[in-house]
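Engineer: My structure is below; once you've seen it, I'll send some questions.
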Amino acid sequence: MIASIPSAILLGVDGSPVSVEVHISSGIPGFNIVGLPDAAVRESRDRVRAALLTSGFKWCSSRVTVNLAPSAVRKAGAALDLPIAVGMLVASSQVEHAMVAGYAFFGELGLDGSLRKFPGVISLVSSCDATKAVVPTSCTREASVIPTKEVYGATSLKHLVGALKGEEDWMVAESVDILESVGSESGRYYPDLADVRGQAVGRRAVEIAAAGGHHLLMVGPPGSGKTMLASRLPGVLPPLSYEESLEVARIYSASASPPEWDVLPSRPTFRAPHHTATSVSIVGGGSSWLRPGEISLAHLGVLFLDELGEFPRVVLDSLREPLEDGLVRISRAMVSAVLPARFLLVAATNPCPCGEGMTPGSCRCSKSARERYMARLSGPLLDRFDLSISLAKPQVDELLSMSPGEPSRVVALRVSMAREIARDRGVICNSRIPSWALEQLAPLAPEAMALMERRLRSGVLSARGMDNVRRVALTIADLAGEDPPIKVEHIAEALQLRAARAMFNAEQLR
Ligand SMILES: [Zn+2]
């Protein structure tokens with residue numbers, strides 16, 4: 001007897017359809033899984049056997065072969081337990097073939113026959129070759145965000161067979177709502193810019209970073225508000241569209257610890273991995289399904305790297321591909337995956353090892369120690385930051401006298417207006433305007449041109465730097481509601497907002 005049950009496996013954050021074929025024949029009793037199973041899939045045998053027996057089904061003492069097709073792809077994870085068990089029931093005639101037609105099955109089995117949650121629910125269910133999907137009840141809410149599939153939940157193998165026979169009811173989830181979220185609601189998700197006292201340059205840089213999608217580097221001593229500013233950035237970014245929200249949900253669903261879904265994420269995410277985190281947890285990879293790392297969890301949101309120079313070189317180097325292409329390629333033995341990773345990078349660093357390098361007389365570091373500290377950051381990475389600002393610790397009387405800053409919702413309105421102008425140009429944001437299109441989209445007024453020329457001649461600005469300045473100046477003009485050609489004051493502000501670059505080793509920046 002043979003049965004063929006549709007299911008899927010996870011590769012990175014993508015589902016890949018798999019057909020689980022179970023063949024029972026006479027011969028020497030045995031149980032074989034073929035088709036490149038990983039260790040977890042090979043262990044299915046014991047879980048499936050225990051689950052069938054404790055659920056009151058028979059375990060056939062004949063020769064069982066389970067083939068996972070296509071055979072060229074390595075199969076990982078425990079979500080194949082359920083399709084293997086259902087295949088056994090059909091192949092051994094304990095369940096009629098017609099009853100499972102049109103269904104795909106997903107789930108890990110407990111020894112008592114209970115069905116357990118598994119990673120990648122959204123990707124797996126949406127990729128399978130069937131319109132009806134049976135999942136553990138703990139996964140139904142998550143699976144129900146997929147509009148093209150009918151989702152049925154079961155608590156156990158016994159419940160599942162009862163429901164297939166029409167003797168019991170399936171568990172069906174109410175679908176997951178997507179929150180209506182506009183700028184005014186941003187305070188519900190992220191701290192408000194109104195809490196930031198003073199820090200005019202920092203606030204301005206946050207607004208420009210959000211409006212133009214410009215990566216931001218902040219240099220300043222501990223206590224200068226770098227983390228405070230960074231954590232307020234996602235609150236001024238535009239909310240996610242439905243498609244973007246689904247994409248982000250898919251990535252979280254495939255992560256090592258999928259969240260419990262109440263609503264789909266409607267705001268851009270904020271991820272702030274510590275520099276001591278493993279490179280696998282930041283970049284992704286590791287387990288046999290190549291789980292997404294922090295840089296993918298920050299997709300369409302903000303990735304904040306505090307103490308940038310303390311991150312291992314391998315992590316900093318691996319940021320180049322996502323910063324360039326918005327994705328990361330991960331390869332391990334026999335398996336590779338491409339994961340989405342398009343984030344707004346915000347980084348912070350102290351000016352020197354003791355942190356006080358910007359306060360004259362306070363720094364205890366030697367000149368060479370300061371140079372070594374700044375040289376830990378590579379030029380190519382620093383080049384990705386369109387905005388690099390220095391922040392000072394606010395003075396006490398400054399903190400006391402200052403009234404609350406402008407709230408995030410007001411800033412978010414200007415940001416979304418600027419994004420709309422960029423969309424009319426055919427880009428998502430100004431940082432993505434290709435160099436060749438700058439002449440047409442961001443022409444310079446004569447005075448602005450003259451200022452750029454002086455900077456180029458003096459050697460402080462490279463050709464690449466000039467393009468970046470132009471993109472930032474265009475964003476500044478958009479925020480001011482002024483059409484190109486770009487005025488000299490906008491170029492001057494854009495140049496000012498990259499002034500902290502001078503603190504790094506000038507040679508490596510060129
Ligand atoms: Zn110092």
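The values are calculated or read from the model by the stated rules, or taken from the named source; none is laboratory data. Keep in mind that this is a model prediction, so the values were computed, not measured. Neighbour counts run over all protein chains shown; Cβ positions are idealised from the backbone, glycine included. Accessible surface is based on the protein model in full, side chains and every heavy atom, while ligands, DNA and RNA are left aside. Shrake-Rupley method; radii C 1.70, N 1.55, O 1.52, S 1.80 Å.
Engineer: Could you work out how much longer the chain between SER241 and SER331 gets when fully extended? Use 0.36 nm per residue separation minus the Cα distance between them, nm to one decimal.
Structural biologist: Stretched out fully, the SER241 to SER331 stretch lengthens by 29.3 nm.
Engineer: Are there trypsin sites (Lys or Arg not before Pro) in the range 104-166 that DSSP marks as loop and that have at most 15 other Cβ atoms within 10 Å, and which are they?
Structural biologist: Answer by residue number: LYS165.
Engineer: Under 1.5 on a/c is rounded, so check that first for the range 394-510, then, if it is not, pick prolate when a/b is larger than b/c and oblate when it is not; a ≥ b ≥ c are the square roots of the alpha carbon gyration tensor eigenvalues.
Structural biologist: On the way: a/c = 2.01, a/b = 1.16, b/c = 1.73.
Cα axes put the range 394-510 in the oblate bin.
Engineer: Between ARG320 and VAL34, what's the calculated FRET efficiency when r is the beta-carbon distance and R0 is 30 Å? Round to 0.05.
Structural biologist: Working: r = 40 Å, r/R0 = 1.33.
Calculated transfer efficiency: 0.15.
Engineer: Would you tell me the accessible area of ASP112, worked out with a 1.4 angstrom probe on the heavy atoms of the protein chains, in Å² to the nearest 10?
Structural biologist: My reading of the accessible area for ASP112 is about 100 Å².
Engineer: Over the range 328-449, one equal point on each Cα, no solvent: what is log10 I(q)/I(0) by the Debye formula at q = 0.11, 0.15, 0.18, 0.20 Å⁻¹?
Structural biologist: -0.77, -1.14, -1.17, -1.20
Engineer: Something else: Based on the mean of other Cβ atoms within 10 Å per residue, sort peptides 10-22, 379-391 so the most packed one is first.
Structural biologist: Per-residue Cβ counts within 10 Å, averaged per peptide and sorted highest first, yield 10-22, 379-391.
Engineer: At R0 = 41 Å, how high is the FRET efficiency between THR278 and GLU447 if r is their beta carbon distance? Nearest 0.05 is fine. Working shown, then result.
Structural biologist: On the way: r = 51 Å, r/R0 = 1.24.
Result of the calculation: an efficiency of 0.20.
Engineer: Work out how much length SER366 to ALA69 would gain on full extension: take 0.36 nm times their residue separation and subtract the Cα-Cα distance, in nm to one decimal.
Structural biologist: Between SER366 and ALA69, full extension yields an extra 100.6 nm.
Engineer: Related question: What does DSSP give for the chain in terms of the percent of beta bridges that are antiparallel, rounded to the nearest 5?
Structural biologist: Roughly 50 percent of the DSSP beta bridges within the chain come out antiparallel.
Engineer: Please report, in Å, the Rg and the Dmax of the range 2-164, where both are computed over Cα atoms only.
Structural biologist: Both quantities, over Cα of the range 2-164: 14.2, 46 Å.
Engineer: In whole Å, how far is the Cα centre of the range 411-475 from that of the range 287-308?
Structural biologist: Rounded to whole Å, the Cα centres lie 28 Å apart.
Engineer: Run the accessible area of the chain with a 1.4 Å probe and give the carbon-and-sulfur part as a rounded percent.
Structural biologist: Percent of accessible area from carbon and sulfur atoms in the chain: 53.
Engineer: With all protein chains present, calculate the accessible area of MET466 using a 1.4 Å probe and round the result to the nearest 10 Å².
Structural biologist: Surface accessible to solvent at MET466 totals approximately 40 Å².
Engineer: In addition: Could you grab the relative contact order for the chain? Cα pairs under 8 Å, six or more apart, rounded to a whole percent.
Structural biologist: Values: 1069 pairs, mean separation 72.2, N = 510.
The normalised contact order for the chain reaches 14 percent.
Engineer: Using a 7 Å offset from the Cα along the Cα-to-Cβ direction at both TRP59 and VAL338, what is the distance between the two label points in nm, to one decimal?
Structural biologist: Simple spin-label model gives 4.4 nm for this pair.
Engineer: Report Rg/Rh for the chain, rounded to two decimals, where Rg is the Cα radius of gyration and Rh the Kirkwood radius. Write out the running numbers ahead of the final one.
Structural biologist: Values: Rg = 27.6 Å, Rh = 25.5 Å.
Looking at the chain, the ratio lands at 1.08.
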